[in-house]
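What follows is a single structure, written as structure tokens, with notes after it.
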Amino acid sequence: MTNSEWDRIVGRLRDEVGDAAYRSWLRPITCQGVNDGSVRLGLPTRFMRDWVATHYAERIRSLWGAENPAIRAVEVVVEGTRSATALAPAPGSAPAPAPQCAAPAKVIPMPQPDTDDLGAQLDPRYTFRNFIVGKPNEFAQAAAQRVAEARAVSFNPLFLYGGVGLGKTHLMHAIAWHIREHNPERRVLYLSAEKFMYRFIRALRSQDTMSFKEQFRSVDVLMVDDVQFIAGKDATQEEFFHTFNALVDQGRQIVISADKSPSDLEGMEERLKSRLNSGLVADIHATTYELRLGILHSKAEQMGVVVPQKVMEFLAHKISSNVRELEGALNRVVAHSQLVGRAITLETTQEVLHDLLRASDRRITIEEIQKRVAEHFNIKLSEMSSARRSRQVARPRQVAMYLAKQLTSRSLPEIGRKFGGRDHTTVMHAVKKVEELRDSDHNFSEDVELLRRMLQG
């Protein structure tokens, strides 16, 4: 094992879980070495060891197995102790005696090699049972559930798209888990577009493209995450296009995710865009306050902790960018309470999350929203505060009010004052009107979503 392996794994984990969860749980990990195919990771407390073993050890094992096939298991221990759990011996070898220790380790064994090793590991947390449904994601969730439950559906592929941390990967994992549980004879292959490309490059180098084609074209359900990664990579797109056609022609299901709709994927061949658009395209919108609150309650219930309602409401209001960041914030608050022994209050929450909240507050202002919306709809910035009520001006003004409500912590009266001293009821009407239009007018909804992403990006 080399330090570079661990550095690469930590880097991947940080990208996946976000900075907040990384600082709380992963940065304290020390790599204590490798013994007979098992990596030993140390953490300073029993609580942190249990948390990491439950929530991250399987992913660490999966990433390390990809880096170094000799690694068969991961042990998570309290620093300074030895594991009391023996690793599963390699086939044909004598079992080693279990070493004595003060704190038992959690061991995540390497699964037996099978056809699913071609793809990525599935996260056991990402199931339909753990997916909180709300207005922004109900359509995508319903489509994913239909694909998981039905042998054949009228739409192929299912294309899920939305911003970072809104639930695309969760739904894809949920589909795979549901099929494995209810139809285990069906072969499901889930992997990232990046891994698809690397597999293809490896096949080209080894001059074994026929084996590559057989592996990918013999599955019942192919799921490719973050397909935008192959944009601009012509050879990979060519192979993906032919794989896509072969599976569709055989009546096999394809599920794909990306950060943009197929039509907006730059660097993607037109024929591939057309193919991606040929099924059902489902957008996952930005979370609403109510959905974020529901996610927090579900997360706290899974963690077995009681969090004051005021703290929940505060987090749901202040952290609106994505679900991963929201869950990471709750993890930090709970960990601080349990490690330091202080009750969870609004004051301690603000103290623990001061860096995250400061960045969130700094991110977007009403003035920025007004400027960006005015530019987008080609009206003067002064019209945001003017008395004009023509539709050409009123609709962009309503969009700006809606985004100000969604993306800032300002109250309705404060927002109204920024728009020429308007009453808070005017803001409420604007928010309701934009929500209704988003439900009924797909193009309008795309416009609002694009503005939101530009402001948050």
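Structural remarks
- Any hit, region 207-214, residues being open to solvent by less than 20 Å² (accessible area, probe 1.4 Å) and without any contact (Cβ under 8 Å) to a residue 12 or more places away in the chain: no
- Screening region 34-59 for residues that are outside any helix (DSSP H, G or I) and in contact with a Lys or Arg (Cβ under 6 Å, 6 or more places away or on another chain) and picking the one that is nearest to HIS336 (Cα to Cα) gives LEU43.
- Test set (1) modelled with pLDDT under 90; (2) open to solvent by 40 Å² or more (accessible area, probe 1.4 Å); (3) over 20 Å from LEU222 (Cβ atoms) - GLN250 fails condition number: (3)
- Residues that are in contact (Cβ under 8 Å) with a residue 40 or more places away in the chain and open to solvent by less than 50 Å² (accessible area, probe 1.4 Å), drawn from region 1-21: GLU5, ILE9, LEU13, VAL17, GLY18, ALA20, ALA21
- Enumeration of residues in region 224-243 that are under 16 Å from LEU189 (Cα atoms) and more than 24 Å from the chain's Cα centre (by Cα): THR243
- Hey, PRO413 open to solvent by 50 Å² or more (accessible area, probe 1.4 Å), assigned to a helix (DSSP H, G or I) and touching a His at 6+ places or on another chain (Cβ under 9 Å) or not: yes
- Residue in region 177-192 that is part of a helix (DSSP H, G or I), within 22 Å of ARG12 (Cα to Cα) and in contact with a Phe, Trp or Tyr (Cβ under 8 Å, 6 or more places away or on another chain) present: no
- Output for region 230-273, where each listed residue is farther than 23 Å from SER211 by Cβ and either part of a helix (DSSP H, G or I) or among the charged types (D, E, K, R) (or both): ASP259, LYS260, PRO262, SER263, ASP264, GLU266, GLU269, GLU270, ARG271, LEU272, LYS273
- Among the residues of region 319-334, some residue qualifies, meaning at least one is aliphatic (A, V, I, L, M) and farther than 26 Å from ARG49 by Cα.
The values are calculated or read from the model by the stated rules, or taken from the named source; none is laboratory data. What you are looking at is a predicted structure, and each value in this text was computed from that prediction instead of being measured. For neighbour counting, all protein chains shown are included, and Cβ atoms are generated from backbone atoms with ideal geometry for every residue, glycine included. Side chains included, ligands, DNA and RNA excluded: accessible areas come from the protein's heavy atoms. Shrake-Rupley method; radii C 1.70, N 1.55, O 1.52, S 1.80 Å.
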